[in-house]
Amino acid sequence: MWIKLPSFKSRLFWGIWPVFLGLVAFLGVMTFVADGAVTVSNAPADSKYVDIGTVAQAQKPVAGPDASTGSYTVECGRNEEGHYNMDNVVISPGIVNGAHHTHDYVGNLSTNALSTDRSLAAAGTTCAGGDRSTYYWPVLRRLDRTGEAHKAGLGAHGNTGEAVTASSVRVEYRGNPASSVVAMPRFLRLVTGDAVGATTQSTNVRAQWGCSGYPDRFSRNYVRCPQGSGPTRTLDFPSCWNGLATDSPDHRGHVQFPAADGTCPRATFPVPQLRLTLTYELPEGTAFAVDSFPEQLRDPITDHAMFVNVMTKDRMAELVRCVNEGRQCKSR
C-alpha cells in the first residue's frame, strides 16, 4: 500500500516538517547520551575504587651505611606532542598494534613497534640533556567524556573515554638503600607491572595508585581524591640487573626487584631505580580508568609501564655519580 506524502507546497507539509526535524534532533541527542552511557558502562566496579583517606602510608626502607641516597631527575615533558600508539616495542617488538590498548609516551619521539636500537639512538626526544630513552604506559581516560575514544589509535577493545594528558610526568632515578649502584647498560629494556594481572595469579603486579598531596599512600585500587587533589600513578621499575643481558625471552628474567631492605638477589647488581610519577588534574568525583586488554576489564592492578635506556654512557655515568654521592641532580 502506497502512502502519498503531502507536497512541500501544502500547509500540511509545513505542519509536519517541524515535527520531523524535532524528532531527528531528539534521536540525535539520545544517540549521544547512549554513546556516553556505553562509555560509563565500561567503568570498573565500585569495589575497584577506594578513598585516599583509607590508604595507609607506605614505610620507606631505612638507608644503610653503604646506601646510595641521591636522585637524578630528567625533564621530559608530559606528551604535549601527542605521541600515542597501540604498539609495545619491549613486549611485542615488530608487531604493529600488538598492545590492543593505547600507550602514552615521553622521551624518544620515534618509538613504535618497529623501532630498533639504531633508530632510537638517532631519533629526537622530549627529554632535557639529549636523553633519547623511551618511557611509556597505558593512557588514562575520564569516563564522563567520549572525546576521541573511537578514533583509530585512541580507543579500542572497550577502552572508551577521553584520553587524559597528565598534568605532570616526573622521571626520577633513585639510589639503593643498601649499597651503591652501577650503570645501566645502553638499550636495557625494563617492564614494571603486569598487563594481565587481573586474570592470572601474578607476582608481577606493581600498581600504585594515589592522590597528589598524599605522598607515599599507594593502593592497587583506583583512588578517590578530595577536591584540589588528583589521581597519581607511581611506577617503580626493577633495579637488580644480572650484569649480562639487556633483555630476556620473557622481558623480565634479566632484572629483578630488590628485597624490602634494598638488597639485590644473588648474582645481580643494583642499578639506579627508575620511578615514573604521573599526576592528573580531574574534577572531584570524575570516573576514570586505565586502558587494558579486553579481558582485563580495565582493572587497576593491570597498570604497567615500559622503558628502554638510550642514554649515552657519559650521561649514565653522570647519573650514577650523582646517585652514589647522595646528591639531588637534574638533567640539563
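The values are calculated or read from the model by the stated rules, or taken from the named source; none is laboratory data. What you are looking at is a predicted structure, and each value in this text was computed from that prediction instead of being measured. Quick reminder, even Gly has a Cβ in these numbers, built from the backbone with ideal geometry, and neighbours come from all protein chains shown.
Scoring Gly213 on the criteria (1) part of a loop (DSSP other than H, G, I, E, B); (2) over 28 Å from Lys330 (Cβ atoms); (3) out of contact with any Asp or Glu (no Cβ under 7 Å at 6 or more places or on another chain) leaves a single failure, condition (2). For region 37-53, check the following and say yes or no: at least one residue is assigned to a helix (DSSP H, G or I) and charged (D, E, K, R). Yes: region 37-53 contains one or more residues that are assigned to a helix (DSSP H, G or I) and charged (D, E, K, R). For region 273-331, the strands (runs of 3 or more DSSP E) that sit wholly inside it and include 2 or more residues that are touching a residue at least 12 places away in the same chain (Cβ under 8 Å) and more than 23 Å from Pro215 (Cα to Cα) are 304-308.
Within the group Ser92, Ser68, which residue is farther than 17 Å from Tyr135 by Cα, at pLDDT 95 or above and assigned to a loop (DSSP other than H, G, I, E, B)? Show your work before the answer.
Working: Ser92 fails: farther than 17 Å from Tyr135 by Cα.
Only one candidate passes the filter, namely Ser68.
For (1) buried (at least 17 other Cβ atoms within 10 Å of the Cβ); (2) more than 30 Å from Arg142 (Cβ to Cβ), each residue gets a yes or a no:
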{"position": "Gly197", "(1), (2)": "yes, no"}
{"position": "Pro226", "(1), (2)": "no, no"}
{"position": "Trp241", "(1), (2)": "yes, yes"}
{"position": "Val255", "(1), (2)": "yes, yes"}
{"position": "Ala267", "(1), (2)": "no, yes"}
{"position": "Pro272", "(1), (2)": "yes, yes"}
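Quick check: anything in region 102-110 under 30 Å from Pro283 (Cα atoms), charged (D, E, K, R) and either touching a strand residue (DSSP E or B) at 6+ places or on another chain (Cβ under 7 Å) or in contact (Cβ under 8 Å) with a residue 40 or more places away in the chain (or both)? Yes: one or more hits. Those strands (runs of 3 or more DSSP E) of region 98-202 in which at least 2 residues are out of contact with any Leu (no Cβ under 6 Å at 6 or more places or on another chain), considering only elements entirely within it, cover 103-107, 134-138, 140-142, 168-174, 189-193. Within the option set Arg141, Arg170, being under 15 Å from the mean Cα position of the chain (by Cα) and farther than 30 Å from Lys330 by Cβ holds for one residue only, Arg141. Might you check whether a residue that is out of contact with any Pro (no Cβ under 8 Å at 6 or more places or on another chain), modelled with pLDDT under 95 and crowded, with 16+ Cβ neighbours inside 10 Å occurs anywhere in region 41-48? Within region 41-48, one or more residues are out of contact with any Pro (no Cβ under 8 Å at 6 or more places or on another chain), modelled with pLDDT under 95 and crowded, with 16+ Cβ neighbours inside 10 Å.
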